[in-house]
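Notes follow once the structure below has been shown.
The values are calculated or read from the model by the stated rules, or taken from the named source; none is laboratory data. Since the model is a prediction, treat every value here as computed from it, not as a measurement. Cβ sites come from the backbone with ideal geometry, for glycine too, and all protein chains shown count toward neighbours. Only protein heavy atoms, including side chains, enter the accessible area calculation; ligands, DNA and RNA are left aside. Shrake-Rupley method; radii C 1.70, N 1.55, O 1.52, S 1.80 Å.
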Amino acid sequence: MIKLLRSNIIDITGFAVVLALLWFITLGSGLKGSIEIPSSLLNLNTIFLSILIEAFPFVLIGVLIAGMIQIFVTEEHISRWIPKNKYMAIVMSCSVGALFPACECGIVPIIRRLVGKGVPVAAAIGFMLTGPLINPIVIASTYMAFGNDAKIAALRMGLGFGIALIVALIIGSLFKGTQFKKSVSIVSHSHSNNKKFLEKFWAMLQHSIDEFFDMAKYLVAGAFLAALVQTYMPARTLLEIGSGTAASLAVMMGLAYFLSLCSEADAFIGASFSSIFPQTSILGFLIFGPMIDLKNTLMMLSVFRMKFVMTVLAAVAGTVFITLMLLSSLL
Amino acid sequence: MTFHPQQAGRALILLGFSVLLYMMHTSGEILLFINPKYLLLSQAAAFLFMILFFIQITRVWTVKESHAHDGCSQAEDCCSHNHDHGDSPFSVKKAISYSIIVFPLLTGFMLPAKVLDSSIADKKGAMLSIAGSSKNGNKQSPEEGQSIPAEDQQSGEDYIPEDDTAIVTGYENQKTEAEYNQLMKQLEHGEIIQFNDSIYSSYYEEISSDINKFQGRKVSLNGFVYKEDSFSDNQLVVSRFLVTHCVADASIIGFLSEFPDAAKIEKDSWIKIEGIIENGTYMDTPIPLVKVTNWEEVSEPESPYLYPISIKRN
């Protein structure tokens, strides 16, 4: 009886929700075109929405994987898989990240679940850094963008992997524990294994929804800021600052950070700068961008403490910068 | 039985995103945001949002008695929270975060999508990237140019052979290797180099990489007008946006063109030009320059953006 009522209630609710949305859409499309909006704002809005549309599939995949980890992977699994030795754990997570074709939009929910399940935070960071940077699609697009020249693609992957290892080691020596924000307490789901698969699957989907809402506001804010930069900040001013290897490297890294491009697409943008800037700066753009960017930083702040996120950001930026400066004479 | 307004709000948001994506797809507006190659991916996102919506509406009402029915809704007993399940009391902080999430829905439904214009080209440093892609005598490899992005072989969908006009949905800039070679041959030997949308970027890069080789050749191409203060009166750039993934990563390609009428053409208007390729320079960088012999104003094409070509190997 109650079940019957309940299912009807769901129908009614769904119906009400649809009605509310329809009303809203008619209201919205009535307004469309009737008000004058400056074209720069429309440009801003178009870029903003396009970043979101581009990111949504990957974020949804990310939260589904996170939900899967949450429900199907237990702490015992993790402690069995991850090497006891801290250094081995980092090397392993960087390698797994390199094999795992992740995208920076979807990776934060995944590492959050992994840390929640007991993966050392340094290893998770290693995974986060190599996941979006090193994967077949990025390798292929970098190779193409630089005129079928394997050198840049190889350097991007090789140096990227080394830098990820160094950063993970730095983080490992500085931080212990999960580094979650206070509001994010540590999970200890005691999902008994005798639950039916279907129930687990249902719970996984619900978790994914919660995860999506945790991330969405940061994703939206990050996309908006990146769009703002693209619409109002002339690239030329940035480039005028960047004469000399160090300055141009800093400029290109800054550009990568604020543009928050997808690692699949950034090689083409990077290539368009290749005759203005030395190769070192282009590599900075290509390596730093996928590791951490504005959108990503905000999403990390939804999970981790401010101090931790800032340290990771500084460690990545510093390591990329120093490594490339040291190697710039060799390149 | 209790009603959870926050859960209902979340359901509404999920449905909203699904409907927004769906509407963009049906109206074709989606092509002003992303490369058609990724249409399927974003349709999948719309579908996933819809599924999540159906799951979410089951949480809008809860019945005390049936509490044990699903995996984790008995949160109080079985799991300590590590994230917001949407049950905690409503606060100012939450109001802010929900309004942030709703914001793109509002702008998405209420504001029309816009084709990027020359002001964006300016912010993206149009001339710098044009000068950047010309590679006279620098270290780039000579056969630079087939800007063929990754996943060449993916999706065996049918392509539309003469695709310059037929662009609604399902358009992908995909060619077989034979077609591509055929088109590249025309670049080498054709009387006039015709810039069709599908091959535009490949021709552009080929010419930029070796201006001398193409000097004196006749070209015919279209684009929107972009101008910079440093140009002289008879100069403008006939430019196009090349979209790899979404318009946020659009880069500018185009030809600096010279003709007396240039001064009176408004920026952002679409023109079609015919002319002869010559050596030009921009801030000491050699770039191709088109001496225009003929030009006419045209309307904005149905598909204003260019996409990197994919070669289908089969």
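Can you tell me which residue in segment B:4-13 is least open to solvent (accessible area, probe 1.4 Å), limited to those that are hydrophobic (A, V, I, L, M, F, W, C) and within 7 Å of chain A (Cβ to nearest Cβ)?
Among those that are hydrophobic (A, V, I, L, M, F, W, C) and within 7 Å of chain A (Cβ to nearest Cβ), it is B:Ala11.
Considering B:Glu278, B:Glu274, the condition of being of a type in the set (D, E, K, R), out of contact with any helix residue (DSSP H, G or I) (no Cβ under 9 Å at 6 or more places or on another chain), in the same structural domain as B:Phe214 (by TED's automatic domain parsing) and in a strand (DSSP E or B) is satisfied by B:Glu274 alone.
If the condition is being within 30 Å of B:Asp117 (Cα to Cα), open to solvent by less than 30 Å² (accessible area, probe 1.4 Å) and either out of contact with any Lys or Arg (no Cβ under 9 Å at 6 or more places or on another chain) or outside any helix (DSSP H, G or I) (or both), then segment A:201-228 contributes A:Ala216, A:Val220, A:Ala227. Within segment A:139-152, can one find any residue that is under 23 Å from A:Gly62 (Cα atoms), among the aliphatic types (A, V, I, L, M) and crowded, with 20+ Cβ neighbours inside 10 Å? Checking segment A:139-152: not a single residue is under 23 Å from A:Gly62 (Cα atoms), among the aliphatic types (A, V, I, L, M) and crowded, with 20+ Cβ neighbours inside 10 Å. If you go through segment B:24-42 and pick out every residue that is at the interface with chain A (Cβ under 8 Å from one of its Cβ atoms) and open to solvent by 10 Å² or more (accessible area, probe 1.4 Å), you end up with 3.
For segment B:79-100, the criterion of being in contact with a strand residue (DSSP E or B) (Cβ under 7 Å, 6 or more places away or on another chain), surrounded by 16 or more Cβ atoms within 10 Å (Cβ to Cβ), at pLDDT below 80 and outside the structural domain of B:Ala250 (by TED's automatic domain parsing) is satisfied by no residue at all. Flag: A:Ala89 matches the condition of being among the small types (Gly, Ala, Ser), over 30 Å from B:Ser118 (Cα atoms) and free of Cβ contacts under 8 Å to residues at least 60 places away in the same chain. Residues that are closer than 18 Å to A:Ala315 by Cβ and surrounded by 21 or more Cβ atoms within 10 Å (Cβ to Cβ) were ranked within segment A:254-282; the one that is nearest to the other protein chains (Cβ to nearest Cβ) is A:Ala256. When A:Ser183, A:Ser192, A:Ser188 are checked against the criterion of being modelled with pLDDT under 90, more than 20 Å from the chain's Cα centre (by Cα) and facing chain B (nearest Cβ under 7 Å), A:Ser188 stands alone in meeting it. Among the residues of segment A:129-157, those that are within 10 Å of chain B (Cβ to nearest Cβ) and within 17 Å of B:Asp249 (Cβ to Cβ) comprise A:Ile137, A:Val138, A:Ala140, A:Ser141, A:Thr142, A:Met144, A:Ala145, A:Phe146. Taking segment A:28-125 as the region of interest, the helices (runs of 4 or more DSSP H) fully inside it that hold 3 or more residues being among the hydroxyl-bearing types (Ser, Thr, Tyr) and surrounded by 15 or more Cβ atoms within 10 Å (Cβ to Cβ) are A:39-72. Taken together, the criteria place B:Ser209 among residues that are of a type in the set (Gly, Ala, Ser) and closer than 19 Å to B:Tyr282 by Cβ.
Which residues, counting only those in segment B:281-309, are over 20 Å from B:Ser209 (Cα atoms), outside any loop (DSSP other than H, G, I, E, B) and open to solvent by less than 30 Å² (accessible area, probe 1.4 Å)?
So in segment B:281-309, the residues over 20 Å from B:Ser209 (Cα atoms) come out as B:292-305.
From what is left, the residues that are outside any loop (DSSP other than H, G, I, E, B) are B:292-297, B:305.
Listed by number, the residues that qualify are B:Val292, B:Tyr305.
Could you tell me which residue of segment A:229-248 is farthest from the other protein chains (Cβ to nearest Cβ), considering only residues that are surrounded by fewer than 18 Cβ atoms within 10 Å (Cβ to Cβ) and not in a helix (DSSP H, G or I)? Top of the filtered list is A:Gly244. Taken together, B:Pro286, B:Pro304, B:Pro260 contain a single residue that is touching a residue at least 12 places away in the same chain (Cβ under 8 Å) and under 21 Å from the mean Cα position of the chain (by Cα), which is B:Pro304. Scanning segment A:271-288 for residues that are closer than 17 Å to B:Ser208 by Cβ and part of a helix (DSSP H, G or I) yields A:Ala271, A:Ser272.
Screening A:Leu301, A:Leu331 for residues that are open to solvent by 10 Å² or more (accessible area, probe 1.4 Å), closer than 20 Å to A:Ala153 by Cα and either at pLDDT below 90 or among the β-branched types (Val, Ile, Thr) (or both) leaves exactly one candidate, A:Leu331.
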